[in-house]
Amino acid sequence: VIDFGRRPGAPLALACLLFCSAVPAATPAGPPRERVGAVATLPASPGPHWMWVYDANLSSMPDGRAILVDGDAGNVLGMVSTGYSFVSFTLPRDYRSLFSAETYYSRTTRGMRTDVLSIYDPRTLAPRAEIVLPTKRASTIPRAADSAITDDDRFLAVFNLTPASSLSIVDTAAEKFVGEIEIPGCAMAYAAGRRTLFSLCSDGSVVASHLTDDGTLRGRDRLPGFFTLADPIIEAGVRAGDTWRFISFGGNVYTLVANESSLTAGERWPLFSAAARKQGWQSGGMLPTALHVATGRLHVLTYRGATRNHKLPGTEVWTFDVATHARVARIRLPTPVRAIQVTQDDDPLLFALSDTTADLYVFDARTGVLKKTIPQIGITPILMQSPWVRP
Amino acid sequence: VTLRSIRPAIAVAAALAAGPALAASPYVDFAIHCMGCHRGDGLGSPPEVPSLVDDLPVFLAAPGGREYLIRVPGSANSPLSDADLARVLNWIVGRFAPGVTARGFAPYTADEIAAHRHRPLLDIQAERARLRAESVRDKEPS
């Protein structure tokens, strides 16, 4: 569908078109000529091979952006300007809105601070509404769990750090801020059911916050000793139903079963054999794990080096079967990579963000064959998220 | 600018946190584990970060106030040992609430820390409000 004429989304979409035209076309004749002022509208449902790439733009933090990529075509479908200290969108399952916790200053780099939850239309990428939040949202290196939405898409939580830690709760149906929930000594939010979010705590425990149907705190559960400081877990969790998996500095997979009634520590298993460990293999990167839920394939960014450098980029992707714990594949990466993500369809694509060039690589997740390279997708892109969910 | 440019700062912070020689004094423990939020002068950033100067005398004059200072996440979840946590809390009370010390404050011990440290506080604002309400600090002659 192509629309013409002025509309609220035009500046954003136009920026997209300019950006799109910078991507080299496949034909030697060059890109097709585009009509100035042509504004495209995206389909209402996301494609299975789409990927949102979130760029905090750390070299100019007031200017974060989210970039939507089509992994099949290897091009950019659109781009959204998302303000200061951007982390990521929070995507509801119905994909009727794109939620984005954002910070703005009245003079861009100084002045009155305003935090908002912006709501974008996924078809036009234009802002549709905003909900003012307390000026408390954590401004950190982007982490996917800085916000979360309950499994029925109703309540959205934004992690605050003042440094007292809490969650701002937004009712997405009423489009209003409900209130704050304290999570002392804990951080971030992970969805675990219709009215439950859990947070990871600095004493190694997990605390679940259960909400009422009004979005206020109904009660809490606490699981002590999920991990210890001797082997800290990395906050980038992957989810399959009730089961969350986290990897640790020491290369172990920690399993948490979380739902509205309980928090339970599940199995714990090592990713690396003694031989691999001896060679210095370990996980690395800002977003080091990606799970293809239907097949239980866990992709992990890995590299060889000294221990306790878990944020260093990965040089390979190792793929594990979460049922057997066996390593089933190994992909060598063209350049060191800081983040990986996988689509959830039956022909999954594995996306990998270069740490050195910001190029975005698109692999066939099953064969490891490199299918596309999109050059310099952003400035400092860190997180990725696939909008398509299995019906 | 890439992520690489911020890594040296993280590495330095990690080295400071890990250096055993530097952990020799309670002041260094305070600087590493407390001062980032409570600030060097102890004034904090109320209301999110209470002022040690204003609030310690109030909290320590309320039932449960001693335990609160152990159980608050910045204390309880710090990587300090029970003995080191006792030492830095005693240093903090002496430095920022000298009036409390003058009235005969009994120093924290490692055993007292161990007894309360693993009882998490999940509703901090309510506990703080209770401490303020039940404190006898304002009723004492100064």
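Before moving on, here are some points about what is shown:
- Among the residues of the stretch A:333-354, those identified as touching a Ser or Thr at 6+ places or on another chain (Cβ under 7 Å) and open to solvent by 10 Å² or more (accessible area, probe 1.4 Å) are A:Leu333, A:Thr335, A:Pro336, A:Gln341, A:Gln344.
- The stretch A:334-357: number of residues that are part of a strand (DSSP E or B) and within 14 Å of chain B (Cβ to nearest Cβ): 7
- Residue match in the stretch B:128-141 (condition: surrounded by 15 or more Cβ atoms within 10 Å (Cβ to Cβ), within 14 Å of chain A (Cβ to nearest Cβ) and touching a strand residue (DSSP E or B) at 6+ places or on another chain (Cβ under 9 Å)): no
- B:Ala86 meets all of the listed conditions (1) within 30 Å of A:Val206 (Cβ to Cβ); (2) away from chain A (no Cβ under 14 Å); (3) more than 16 Å from the chain's Cα centre (by Cα) but one, namely (3).
Per-residue answers, yes or no, for (1) modelled with pLDDT of 95 or more; (2) in contact with a Lys or Arg (Cβ under 7 Å, 6 or more places away or on another chain):
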site	(1), (2)
A:Ala230	no, no
A:Glu235	yes, yes
A:Arg239	yes, no
A:Asp242	yes, no
A:Gly250	no, no
A:Tyr254	yes, yes
A:Ala258	yes, no
A:Ser262	yes, no
A:Ala265	yes, no
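- The strands (runs of 3 or more DSSP E) falling completely within the stretch A:48-159 that include 1 or more residues that are touching a His at 6+ places or on another chain (Cβ under 7 Å) and closer than 30 Å to A:Ala294 by Cβ map to A:64-70.
- When A:Thr140, A:Thr162 are checked against the criterion of being under 25 Å from A:Gly285 (Cα atoms) and at pLDDT below 95, A:Thr140 stands alone in meeting it.
- Among (1) open to solvent by 10 Å² or more (accessible area, probe 1.4 Å); (2) under 20 Å from the mean Cα position of the chain (by Cα); (3) within 14 Å of chain B (Cβ to nearest Cβ), the one test that A:Leu167 misses: (1)
- Criterion: under 24 Å from A:Leu58 (Cβ atoms) and modelled with pLDDT under 95 - qualifying residue of A:Thr114, A:Thr135, A:Thr103, A:Thr109: A:Thr109
- Listed by first and then second residue, the pairs with beta-carbon distance under 8 Å, at least 6 apart or on different chains, first residue in the stretch B:37-53 and without any contact (Cβ under 8 Å) to a residue 60 or more places away in the chain and of a type outside the set (A, V, I, L, M, F, W, C), second in a loop (DSSP other than H, G, I, E, B) and open to solvent by 60 Å² or more (accessible area, probe 1.4 Å), are B:Ser45/B:Arg39; B:Ser51/B:Leu43.
- Any hit, the stretch B:22-35, residues being surrounded by 12 or more Cβ atoms within 10 Å (Cβ to Cβ), modelled with pLDDT of 90 or more, more than 18 Å from B:Ala110 (Cα to Cα) and within 14 Å of chain A (Cβ to nearest Cβ): yes
For every residue, the table says whether it meets (1) touching a Lys or Arg at 6+ places or on another chain (Cβ under 9 Å); (2) open to solvent by 60 Å² or more (accessible area, probe 1.4 Å).
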residue: A:Asp55; (1), (2): yes, no
residue: A:Leu58; (1), (2): no, no
residue: A:Leu68; (1), (2): no, no
residue: A:Gly74; (1), (2): yes, no
residue: A:Thr82; (1), (2): yes, no
residue: A:Arg96; (1), (2): no, yes
residue: A:Tyr104; (1), (2): yes, yes
residue: A:Met112; (1), (2): no, yes
residue: A:Asp115; (1), (2): yes, no
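- Note on the stretch A:182-201: residues that are within 13 Å of chain B (Cβ to nearest Cβ) and surrounded by fewer than 22 Cβ atoms within 10 Å (Cβ to Cβ) amount to 2.
- Among the residues of the stretch A:358-376, those identified as assigned to a loop (DSSP other than H, G, I, E, B), surrounded by fewer than 23 Cβ atoms within 10 Å (Cβ to Cβ) and more than 14 Å from every other protein chain (Cβ to nearest Cβ) are A:Arg366, A:Thr367, A:Gly368, A:Val369, A:Pro375.
- Residue in the stretch A:302-318 that is open to solvent by less than 30 Å² (accessible area, probe 1.4 Å), in a strand (DSSP E or B), without any contact (Cβ under 8 Å) to a residue 40 or more places away in the chain and of a type in the set (Ser, Thr, Tyr) present: yes
- Verdict on B:Ser78 being within 14 Å of another protein chain (Cβ to nearest Cβ) and either under 30 Å from A:Gly219 (Cβ atoms) or free of Cβ contacts under 8 Å to residues at least 40 places away in the same chain (or both): yes
- The stretch B:70-79: number of residues that are open to solvent by 20 Å² or more (accessible area, probe 1.4 Å) and not charged (D, E, K, R): 5
- Extreme residue, nearest to A:Arg338 (Cα to Cα), among residues of the stretch A:265-290 that are surrounded by fewer than 15 Cβ atoms within 10 Å (Cβ to Cβ) and polar (S, T, N, Q): A:Gln279
- Scope the stretch A:143-195; condition in contact with a Pro (Cβ under 9 Å, 6 or more places away or on another chain) and on the phi > 0 side of the Ramachandran plot; matching residues: A:Asp153, A:Gly185
- Taken over the stretch B:92-127, the residue count meeting the criterion of being in a helix (DSSP H, G or I) and open to solvent by 70 Å² or more (accessible area, probe 1.4 Å) is 5.
- Residue check, A:Arg143 closer than 22 Å to A:Gln385 by Cα, within 14 Å of chain B (Cβ to nearest Cβ) and open to solvent by less than 20 Å² (accessible area, probe 1.4 Å): no
The values are calculated or read from the model by the stated rules, or taken from the named source; none is laboratory data. As the structure is a computational prediction, the values presented were derived from the model and not from experiment. Backbone-built Cβ (ideal geometry, glycine too); neighbour counts: all protein chains shown. All accessible areas refer to the heavy atoms of the entire protein, side chains included, with ligands and DNA or RNA removed. Shrake-Rupley method; radii C 1.70, N 1.55, O 1.52, S 1.80 Å.
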